[in-house]
Amino acid sequence: MKNFITIIKSDYLQRTRSYAFLITLCISLAVAYSFIPAPGASYSTIRIGDYLGFYNSSWIGYVTALMTSIFLSLIGFYLVNGTIKNDINSKVGQIIATTRVSNFGYLLSKTISNFLVLCTIAFIIFIMSIILFFLYNDGFSFEILQFITPYSLIVIPSLFFISVLAVLFEVFLIQKSILQNVLFFFLFSIMALYDPTDTSRNFYLDAFGTKIITSQMEETVRNTATHEDLGGLNIGFVLGNVSEANHFLFDGVDFPIGYILSRIGWIIFGILLLGLASLFFHRFKVKERFQSKNKKALLQTKIDNDIDISKLPKVSLSFKILPLIKTEFVLLVRSGHKWLWILNIAGMLALCFAPLSIAHQMILPILWFLQVSRWSSLVTKERIFSTHFFTFASYQPLKRLLLSQVLSGILLALLLALPLLLRYMIQLDVMHITSIILGGVFIVSLAVLTGILTKGKKLFEILFFMITYANINAIPFTDYFGGLHHQYSYLAGIAILVVISLTISYSIRNIELKRI
């Protein structure tokens with residue numbers, strides 16, 4: 001039991017003290033602040049047709065809990081994923097494997113530490129929601145249970161299940177981080193699109209637990225509205241027509257016993273999945289498996305000791321940047337598994353034949369998201385493989401190495417978008433061509449900035465997932481590649497962000513080099 005608690009405590013402290021966690025926490029607070037629009041704001045987050053709720057305890061408590069369940073489930077996987085991989089790389093896993101901690105105990109401890117990390121963010125958002133009530137409330141009394149109840153029944157089971165998924169993906173997919181990211185992206189989309197019928201029984205299958213709230217809100221509006229055509233439910237950042245909206249009084253949800261048991265059931269289901277996964281857990285023999293394969297390959301290879309050194313090509317000094325760009329580009333292309341290029345080629349073919357609007361707004365962001373692991377390691381691979389002292393000591397590491405990494409990342413983005421660029425070139429559509437090029441440059445500059453700031457991959461993976469998911473759902477202010485905006489002023493704003501990001505990246509890397 002002592003070892004079990006020690007693993008949880010050390011893992012939790014290690015991750016909450018990282019730069020990636022602190023930056024993610026700040027981003028979460030900023031996003032949580034926008035969950036409840038200020039009076040007079042030009043957007044809404046939960047809207048049923050032309051109706052918005054009064055700012056009472058029930059509305060603020062349930063809306064923030066609903067948005068937190070979706071938002072933290074969305075970014076939570078990428079925040080907590082990789083904990084077993086870290087134990088493998090740091091050799092801590094091999095030490096744990098020699099202790100009496102069982103496979104199930106180890107996986108459960110990792111799940112609990114994941115859960116505690118996400119709950120820390122959820123608790124900060126919970127406090128923020130209470131503060132927002134006192135800032136924005138419409139003269140209603142404060143009811144603490146209207147905040148505690150939705151967070152307890154909706155947010156906590158959702159975060160626990162996401163924590164379980166992060167561990168399961170690592171157990172069964174081992175070190176295939178790209179496959180984990182891609183599969184979770186599609187799994188999250190499927191769970192978010194789940195639309196139960198009106199029977200309460202189907203609410204039990206909702207992993208996020210939010211559908212019963214939205215259904216109750218719609219039912220309240222139907223009983224309040226004076227006309228039949230209400231319009232649909234909109235969740236997200238909906239711009240415009242806020243001042244003309246009608247308001248209704250939302251008094252919360254009377255959760256049936258069956259629903260409460262189903263939320264507990266999701267936690268039990270997650271624990272059962274961990275028990276199943278413990279039967280297949282490698283217990284940190286992953287590297288031995290790969291090393292044994294490599295040893296067999298070496299034994300089958302003939303080693304010729306009689307090498308004529310005079311016949312080897314002579315080494316010549318070259319300070320050109322093109323060989324570096326070529327090397328960085330080849331490293332990008334070869335990183336990850338070969339099967340991913342089958343998806344990349346399929347995506348490029350879809351860009352050729354799909355309608356332009358679908359190709360630009362849907363296929364292109366997904367195709368670029370498939371490269372998340374490549375771009376996240378663009379400027380961090382030296383630290384991952386502990387070669388940064390060597391590379392930073394190279395000739396002009398800023399003007400040559402960093403620039404070659406940025407250019408190779410942009411080249412990969414434009415290569416993947418080439419079919420769509422050619423279609424716009426045939427139409428002489430300069431606006432869309434420029435927006436796609438700027439989009440590729442922007443996402444690479446974001447990868448470079450976050451990688452240099454945090455010295456890791458997590459933050460970029462989280463941000464890129466959020467941006468991609470928001471673009472697929474057509475949220476305008478996350479459009480970085482011109483899928484929704486067609487004004488030169490918007491492109492100028494993206495260009496300014498790119499220049500600022502690259503300037504900050506250059507400055508921080510320059511400071512790092514001076515310290516070495």
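Annotations
- At R0 = 60 Å, FRET efficiency that the Cβ-Cβ distance of Leu415 and Leu135 yields, to 0.05: 0.80
- Check: the chain dipole with +1 on Lys, Arg Cβ and -1 on Asp, Glu Cβ, in debye: 3360 debye
- Each label was represented as a point 7 Å from its Cα along the Cα-to-Cβ direction; for Leu272 and Phe142 these points are 4.2 nm apart.
- Applying 1/(1 + (r/R0)^6) with R0 = 60 Å to the Cβ-Cβ distance of Asp429 and Leu187 gives a FRET efficiency near 0.95.
- Neighbourhood charge, 11 Å Cβ-Cβ cut-off, centred on Ser58 and excluding it, Lys, Arg +1 and Asp, Glu -1: -2
- Cα gyration tensor shape of the chain, rounded if a/c is under 1.5, else prolate or oblate by comparing a/b with b/c: oblate
- Of the solvent-accessible surface of the chain, computed with a 1.4 Å probe over protein heavy atoms with every protein chain present, carbon and sulfur atoms account for 66 percent.
- Computed lengthening from Ile5 to Asp254, 0.36 nm per intervening residue step minus Cα-Cα distance: 86.0 nm
- Between amide H atoms placed 1.01 Å from N, distances below 5 Å from Tyr43 occur with Gly240, all of them 5 or more places distant or on a separate chain.
- Accessible-area order (highest first, 1.4 angstrom probe) of the listed residues Thr45, Thr224, Thr120: Thr224, Thr120, Thr45
- For the chain, DSSP calls about 65 percent of its internal beta bridges antiparallel.
- Using alpha-carbon coordinates, inclination of helix 19-33 to the longest axis of the chain, degrees: 30 degrees
- Long-range amide H partners of Gly53 with built H, under 5 Å: Phe248
- In nm, spacing of pseudo-spin labels at Ile127 and Ala393 (7 Å Cα→C-beta vector): 4.6 nm
- Note on Thr327 and Ile358: with the Förster distance fixed at 45 Å, the Cβ-Cβ geometry gives a FRET efficiency of about 0.80.
- Distance in nm between pseudo-label sites at Ile508 and Leu13 (7 Å out along the Cβ direction from Cα): 2.6 nm
- Mean residue ellipticity, 222 nm, helices only, the chain: the sum of -39500 (n - 2.57) across DSSP H runs of n ≥ 4, divided by residue count and rounded to 500, is -21000 deg cm²/dmol.
The values are calculated or read from the model by the stated rules, or taken from the named source; none is laboratory data. Owing to the predicted nature of the structure, the values given are computational and were not obtained by experimental measurement. For neighbour counting, all protein chains shown are included, and Cβ atoms are generated from backbone atoms with ideal geometry for every residue, glycine included. Protein only, heavy atoms only, side chains kept; ligands, DNA and RNA dropped before computing areas. Shrake-Rupley method; radii C 1.70, N 1.55, O 1.52, S 1.80 Å.
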